[in-house]
Amino acid sequence: MNILKRAALFVALTIASFVPQAFGVIDQAIAILNETNLVLSWPSKGYETYLVQYRPTLSEETPWLNLTNAFPANSTNRTTYVIPCCALVELAGTNGMSLMRAASNTESKSQSFDPDAPRLWVVLQDGKNLVPLSIYPHGISTNGMTLIEASWAEVMSNKSSKNGQKTESENEGGPEVMRISNGGCDCPDMGFFRVFHIPDWVLNITNYVHEGPTFLAVDFKDYRDLVTHIEVLVNGEPYPHADFMTYGGPTNWGMGIYFDHLTNGNYQIQLVTTLQLNDEIGDNSVFLALTNLTRSITVFNQVTFPDWNDFIQGDTYTFNAKLANPDTDWWIDIYDVQNNYVATGSGHTSNGQVSWTWDLLDWQSNNRDDFDSDPYFYSEITFNSGGGGGPGPMSLITRPTRPPIKGYPNRGEWLISFSDRWYSDAPYYPSDVQTKYLEAMTNTRGGPLLIGDTSYLYPLRFGTNVYTQAQREQTWTNLLEWIGDLYIRNFYFFGHGNAKSIGCDQHLYPSTNGPWTGGILTSRKSKSLLYSWQVQQKTKYNRYRFVFLDGCSTAAGDWPNAFNVSKTNHTIQFYENHPKHPRPSVFVGWNEVVGAGTDVNDSNDFRNNWMGIWANGSGFPSIKTALENANSIYGWLPPGTFNSKIRFYGYDDMKIRDYNGKGDWRWP
């Protein structure tokens, strides 16, 4: 029984060690049931659901396996989950060498698992059990810890030699991890578990009929600061008309869902929440997607906007809507950004369809197509709910429409943003490397100036050698506001990134004698970064023309959509023939780590000249050609490597002067 207790304690402590910032459920425990099963338990309130994961080793090369997903709480006190020991044996093998083989054979971008490599282990308070130091949070103080250096092979050999019997060294307090044995089915030598609350709707959303824009609160537990992406699925497909937002206060977070883009009927709805579990920004970022149970909902809108166009593209704008009442008069009232009345259109429908083309003139026949004074409008549609041909005063229904947004300013402005002390905050680099880097960023701004466009240079405070946490975070708060400015339509960023975020506090050094491999946050609470969902909210009514996120893996996720650029490739004919004629746009990013191990001077030369080639190159090349030529001329990456890592989405034939003015976009 003592053996079982020690083994169970080891597993329970391992769980706690993995969640220093409440990544998982707090106060998890493990016990043995009938000598054949493990029983996990944790506090619960009776209505939550959970993801339970297992892996046989703590090696980062060993993937977590889902034991159950959306597991419902079975108690208002402590939920229990029973795991047959033999199930774990089948998953992980029955001895230490099988566990090491499982770890070493797992595909990973990290260094391969070496069972003979020395590692640091922490001796737990019982004086006998060990856990790897790597499970503790980055930067934790080791004062008071007892550390031992040993390899995985040595630890496993030490355990297997004991065969569950006490030895002289064990009696003297030597470290070991003992096997659970029930005489018929041995559990693996080690087992590590973690349990996550699954973010879910606060209310029972199946008890309501949903209409129009609706805020649905979500219980994120302690994970709100870890959310890198959140998505609503409708009938199993991502629903684009949903925003991650707060409502009525900074602690009330959830999803704003525009149900009025759905036709009336019954649907299946689901929430997918992606968390980032570590502090690294780069290809070593660790993400976890949590999916709640599918719910059935009913949608009934008095008015829907299935063919709505958010942007005013030309000299007219067409309002399209569908009314639940197929036979009624209707009218649309338009107001400007100062809530002043602008104009009204009216008509009658005999099939529920409403379509009215506004000539952009107000009630005094003034043209309201000036972006500076009218960047967007508010409008409302009013109609009769009961039918019969004419609206009666007792049956009028008024609903807001989506805000019609002016398509483009006179000239789209440029924002060039970069991590400022990129080389100054790093060892090994002479000061002239930082100087050349700043010159490259300044010259990037110079391209738009060369063709007469307005361009801004915005350095982001980077590094912990000079700046405080508050100083760094303030620049990122400001950057988000810049990105949401309706005049900014072209954006370049240089710094660390991944598929869901850009930015960090400092470089990440995996060893003391090598270059950085990415970026890292001081903690998961740090706000020295932007997530794609934050940008998507800011740019909802701001169609970007050009975006280049010059950071690792920025093309591997949903960043293009955050700037209203489709994650596909198109010719100019696509935009000309599209029913809504969206303005051509292009997104550029990298689909994996880029630049690691390359010459820093070549990197600076590439970034010092690509914009000049695009702005002033022979024949005024496309963005794709300009970047390829800059890499080829200055010899940064081998051409094959460059072409395999860079990605262009949207219209990659975009020239620097193309479609950046209000009147530049015309279609047949």
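The values are calculated or read from the model by the stated rules, or taken from the named source; none is laboratory data. Please read all numbers here as calculations on a predicted model, not as lab measurements. Positions of Cβ are backbone-derived with ideal geometry, glycine not excepted, and every protein chain shown enters the neighbour counts. These accessible areas exclude ligands, DNA and RNA; they are computed on the full protein's heavy atoms, side chains included. Shrake-Rupley method; radii C 1.70, N 1.55, O 1.52, S 1.80 Å.
Worth pointing out:
- Contact annotation: residue pairs with Cβ atoms under 7 Å, 6 or more positions apart or on different chains, pairing a residue in the stretch 352-364 that is more than 28 Å from G386 (Cβ to Cβ) with a partner that is of a type in the set (D, E), are L360/D315; L360/D369.
- Test: D260 is in a helix (DSSP H, G or I) and more than 20 Å from Y541 (Cβ to Cβ): no
- D189 part of a loop (DSSP other than H, G, I, E, B), surrounded by 20 or more Cβ atoms within 10 Å (Cβ to Cβ) and either at pLDDT 95 or above or among the charged types (D, E, K, R) (or both): yes
- Within the stretch 404-445, considering residues that are open to solvent by less than 30 Å² (accessible area, probe 1.4 Å) and assigned to a helix (DSSP H, G or I), the one nearest to L486 (Cα to Cα): T444
- All positions within the stretch 554-568 that are open to solvent by 10 Å² or more (accessible area, probe 1.4 Å) and either touching a Leu at 6+ places or on another chain (Cβ under 6 Å) or of a type in the set (S, T, N, Q) (or both): N561, N564, S566, T568
- P56 meets all of the listed conditions (1) modelled with pLDDT under 90; (2) open to solvent by 30 Å² or more (accessible area, probe 1.4 Å) but one, namely (2).
- Residue list for the stretch 632-668, filter: closer than 23 Å to N542 by Cβ, open to solvent by 50 Å² or more (accessible area, probe 1.4 Å) and not in a loop (DSSP other than H, G, I, E, B): R647, K655
- Residue that is most open to solvent (accessible area, probe 1.4 Å) [pool: residues in the stretch 519-533 that are among the polar types (S, T, N, Q) and in a loop (DSSP other than H, G, I, E, B)]: T522
- Only residues that are crowded, with 18+ Cβ neighbours inside 10 Å and either closer than 18 Å to Q270 by Cβ or not aliphatic (A, V, I, L, M) (or both) were counted across the stretch 194-204, and they come to 7.
- Criterion violated by D327 - all others in (1) of a type in the set (D, E, K, R); (2) under 19 Å from P403 (Cβ atoms); (3) at pLDDT below 95; (4) crowded, with 16+ Cβ neighbours inside 10 Å satisfied: (2)
- Extreme residue, farthest from P213 (Cα to Cα), among residues of the stretch 247-275 that are open to solvent by 10 Å² or more (accessible area, probe 1.4 Å) and of a type in the set (A, V, I, L, M): V272
- T273 outside any loop (DSSP other than H, G, I, E, B) and touching a Pro at 6+ places or on another chain (Cβ under 8 Å): yes
- Lone qualifier among D327, D420, D374 - being touching a Pro at 6+ places or on another chain (Cβ under 6 Å) and either touching a residue at least 24 places away in the same chain (Cβ under 8 Å) or of a type outside the set (D, E) (or both): D420
- Taken over the stretch 353-376, the criterion of being open to solvent by less than 20 Å² (accessible area, probe 1.4 Å) and at pLDDT 95 or above is satisfied by V354, W358, L360, D362.
- Taken over the stretch 458-501, residues that are under 23 Å from W590 (Cβ atoms), crowded, with 19+ Cβ neighbours inside 10 Å and aromatic (F, W, Y) amount to 6.
- Some residue of the stretch 569-585 being open to solvent by less than 20 Å² (accessible area, probe 1.4 Å) and either in contact with a Leu (Cβ under 8 Å, 6 or more places away or on another chain) or of a type in the set (V, I, T) (or both): no
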